[in-house]
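These notes concern the structure reproduced below.
Bear in mind these aren't lab numbers, they're just calculated from the coordinates by the rules spelled out. Quick caveat: nothing in here was measured; it's all calculated off a predicted structure. Cβ placement follows ideal geometry from the backbone for every residue including glycine, while neighbour counts extend to all protein chains displayed.
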Amino acid sequence: MDIQRFWGAVRRTLRSDRLHQWILSLLMLASLAITMVALLAWQLPYGSRLLLQPGEIAPFTVVAPQPITFESEVLTERARERAAQQVPDQYDFEEASIRRQRIEAARQALAQATAIRRQEEKTLAQKTNELLAIEELGLDAETAVQILSLSDEQWAQVEHEVIAVLDRVMRLEIRESTINQARNSVPALVSRSLDEDASDVAIQLVKNLIRPNSFYNAERTAALRAEARAGVPPQTITLVRGETVIRSGDRATPEQVEKLAALSKLQSEWDFWTVTRNAVFVLLWLTVTLSALAKVRRPLLQNLREQALLLVITVIWLLAAKAMIVNHPLLPFIYPLAAYAILVSVFCKMRVAQVLITMFALLLLYMLPTNATMVIYQTTGAMLAVLLVGRAERLNSFIWAGVVVGLSNLAVLIAISAPFSTYSSTMLVELLLATVVNGALTAAIALIGYFVLGNLFDIVTPLQLNELSRPTHPLLRQVLLKASGTYHHTILVSNLAERAAAAIGADALLVRVGAYYHDIGKTVRPYFFAENIMDGSSPHDKLDPLTSAQIIISHVKDGVDLAQKYKLPERIQDFIREHHGRSLVKYFYLMAQQQSQDGATVNEEDFRYPGPNPRSRETAIVMLADTCEAAVRAMRPSSREELELLVNRLIDERVASGELNDSDLTFRDLQTIKEVFLQVLQGVHHPRIKYPESASVQPQEQPARAPEGNGAGRKTTQRAGWEVEGLEERAPSSDVQRTPAMEG
């Protein structure tokens with residue numbers, strides 16, 4: 001029997017919606033985990049893209065994350081240049097032909113000089129000028145005078161010696177670059193048999209007659225050097241894990257720039273240990289995150305819509321982090337983490353945003369462990385943005401958040417990097433612009449995401465709630481014009497529910513707006529509801545109990561139809577569906593049983609609201625407020641004790657019937673709600689003072705007074721009290737008169 005019960009419970013669980021929710025939640029969690037592992041394992045866990053130009057200052061230290069060997073263009077080019085430089089300039093040595101040309105030219109020039117010496121009719125000056133005119137000799141005036149002053153015997157010795165020495169010198173390789181060396185070697189080659197004057201003349205003539213006989217061959221030199229360059233193999237650089245590539249504040253060299261470029265292209269290998277490392281980190285990260293979220297907002301674990309929203313924006317910001325949180329001097333400082341924090345805060349709760357900011361900071365530090373400045377920068381701005389925006393009930397709060405984030409960014413940079421001595425003026429300007437861009441992106445992305453994601457996931461936002469709470473909304477105008485009594489009841493319920501929601505930490509604004517719209521279905525047939533009847537006649541007197549009950553119940557369906565027609569958010573529609581839950585329209589059900597003939601069975605389901613029961617604290621509060629306000633308005637308790645007994649009994653009956661089981665309200669919440677209801681209802685429905693009649697007022701001038709109590713001033717019929725429909729499911733208690741109006 002126990003086994004049968006167990007498997008029965010298992011089958012019921014497998015068929016339950018709660019299991020489906022858990023399956024979907026696990027699928028979303030698994031998809032997030034796989035995405036995170038893939039992103040972290042596909043690229044270096046912390047990125048390495050620091051792109052600098054030679055001579056720029058490194059903003060932070062970069063180390064090699066793993067061993068890497070790559071071809072170095074810088075080192076290869078240097079090695080090839082060295083090989084090319086080792087190839088000497090190539091020359092064409094034309095010794096024989098040039099030597100013969102120079103000796104022949106020397107003989108002719110010396111013959112001209114001899115002829116000039118023999119011209120006795122000419123003066124010394126004229127002879128000197130003629131010697132200077134011989135281009136091959138290249139004489140100066142002093143040497144020309146010395147030639148003319150030599151004797152014939154001395155000159156003959158000079159002529160012979162010049163030809164002999166020139167022949168010896170021109171047999172050597174003489175280049176343009178070595179011609180002076182050749183000329184300097186002449187004095188040692190001249191015969192010592194010449195006297196000093198003749199020797200000086202011979203030396204000068206040989207020096208002037210020497211010409212290069214070896215000429216530079218550019219084409220052959222270039223070809224040989226190209227061959228030498230081609231023979232040098234590519235040079236490689238090997239970095240070991242943890243090796244420092246560049247230190248913060250260093251001026252980048254070409255080799256360091258090349259190493260950083262190689263690291264920027266590096267992707268982690270999909271080996272076992274890479275995936276394992278990142279999978280373990282993601283598992284730890286998700287465990288801590290989910291544990292913290294379960295503490296600060298437990299309903300989030302059961303809210304698929306919020307889970308899907310968090311999944312989408314988290315994946316988007318993870319992809320952005322993969323592209324921007326790298327070793328780059330600017331990109332990490334533009335990354336808009338504050339916009340993510342704002343969106344989480346306004347769609348979920350501030351505490352959820354604070355948890356996720358902290359966990360995102362750990363993730364960013366894991367991705368870029370050498371840049372703690374960036375993590376402090378991002379986290380500080382995000383925290384301040386969340387504190388400023390709050391629930392974002394005003395549009396300008398997004399703009400102010402962007403301004404605060406920009407100022408926070410600037411303050412963090414000053415606190416950590418001042419006096420900026422390691423930054424160039426260009427880098428400093430770029431960094432300041434990055435802080436401004438970050439603030440502007442935060443405001444823009446948060447504002448756009450606020451509207452886009454809110455509509456995409458049908459999440460009601462405070463701004464949207466403020467719009468819906470305006471009395472000029474078409475549906476609220478209909479309630480006011482067609483069902484003024486319902487409108488008054490709605491205002492009282494909203495005030496009562498809002499106070500209770502604020503007291504237990506629920507969404508007070510959502511409760512207030514939901515209460516505004518919970519009874520809009522009554523505008524379809526307003527005069528079938530007691531609060532809208534002014535003449536005291538009851539249309540239910542002419543109807544059978546089942547028809548009356550169906551009309552009363554139909555205001556829920558009519559309200560949902562109107563809400564869908566006017567495109568109210570799904571969250572507001574929940575208040576319409578759930579404010580009666582699955583309660584029984586007891587008055588008409590009992591009447592149907594009394595009128596049934598021959599013991600015919602009355603189907604209880606025909607007299608129940610379609611539900612569902614309240615599935616959130618907010619809708620449950622509106623249900624309780626609606627019940628208590630209607631009962632107090634109908635019963636008019638004369639003392640606080642009677643009011644307290646009535647409120648306690650009504651709420652306890654809802655608890656006992658199981659209608660609040662899905663609402664996550666605790667007994668402490670219920671006790672707080674009772675206390676708030678007592679305070680508010682005592683102020684709204686307090687007993688009136690009965691003024692004494694003035695002696696000056698004649699009896700015929702006194703207004704007609706109806707007996708106080710339920711049904712005052714109304715026509716007495718067999719259904720004299722149908723106005724307060726739907727108050728409770730049980731039979732009337734002895735201390736409260738049952739009225740059909742208590743069914744709605």
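Estimated at 0.36 nm per residue, the fully extended path between Asn455 and Arg247 surpasses their Cα-Cα distance by 70.1 nm. The modelled label-to-label distance for the pair Ala503/Asn180, using points 7 Å beyond Cα in the direction of Cβ, is 10.8 nm. Summarising the amide proton neighbourhood of Tyr91: residues at separation of 5 or more, or on other chains, whose placed amide H is nearer than 5 Å comprise Asn217. If you take the Cα centroid of region 351-420 and the Cα centroid of region 489-549, the two points sit 45 Å apart.
Which length gain, in nm to one decimal place, applies between Thr472 and Leu330 when the Cα-Cα distance is subtracted from 0.36 nm times their residue separation? Don't jump to the answer; show the numbers that get you there.
Details: separation 142, 0.36 × 142 = 51.12 nm, distance 4.88 nm.
Full extension from Thr472 to Leu330 adds 46.2 nm.
Size descriptors for region 91-216 (Cα atoms only): Rg and Dmax, in that order, 14.6, 50 Å.
Amide H contacts of Ile246: Val62, each under 5 Å away and 5 or more positions distant or on a separate chain (H built 1.01 Å from N in the peptide plane; Pro and chain starts excluded). Take every Cα pair under 8 Å whose residues are at least 6 apart in sequence, average their separation, divide by the length of region 91-216, and the relative contact order is 39 percent.
What translational diffusion coefficient, to the nearest whole µm²/s, does region 388-543 have by Stokes-Einstein, given a Kirkwood radius computed over alpha-carbon pairs, a temperature of 25 °C and 0.890 mPa s viscosity? Answer from the Stokes-Einstein relation: 124 µm²/s. For region 60-110, what class follows from the C-alpha gyration tensor (a ≥ b ≥ c being the square roots of its eigenvalues): rounded when a/c is under 1.5, otherwise prolate if a/b is larger than b/c, else oblate? Cα axes put region 60-110 in the prolate bin. Couplings for region 110-121, taken from phi via the Karplus curve 6.51 cos²θ - 1.76 cosθ + 1.60 with θ = phi - 60°, read 5, 4, 5, 5, 5, 4, 5, 4, 7, 7, 6, 6 Hz in order; Gly and Pro are left as x.
Can you give the FRET efficiency for Gln85 and Leu319, using 1/(1 + (r/R0)^6), R0 = 51 Å, r = Cβ-Cβ distance, to the nearest 0.05?
E(calc), rounded to 0.05, equals 0.50.
In this label model, Phe93 and Ile414 are separated by 7.7 nm, measuring between points 7 Å along each Cα→Cβ vector. Here the extension length gained between Asp167 and Gln126 equals 11.6 nm, from 0.36 nm per residue of separation less the Cα-Cα distance.
Take the cross-link list Lys349/Lys482; Lys522/Lys567; Lys482/Lys567; Lys522/Lys586; Lys349/Lys557; Lys349/Lys565 and give me the ones stretching past 26 Å between alpha-carbons.
Over 26 Å Cα-Cα: Lys349/Lys482; Lys349/Lys557; Lys349/Lys565.
Summarising the label geometry, the points placed 7 Å from Cα in the beta-carbon direction at Glu73 and Asn603 lie 8.3 nm from one another. If R0 is 22 Å, the Cβ-Cβ spacing of Thr61 and Leu428 corresponds to a FRET efficiency of close to 0.70.
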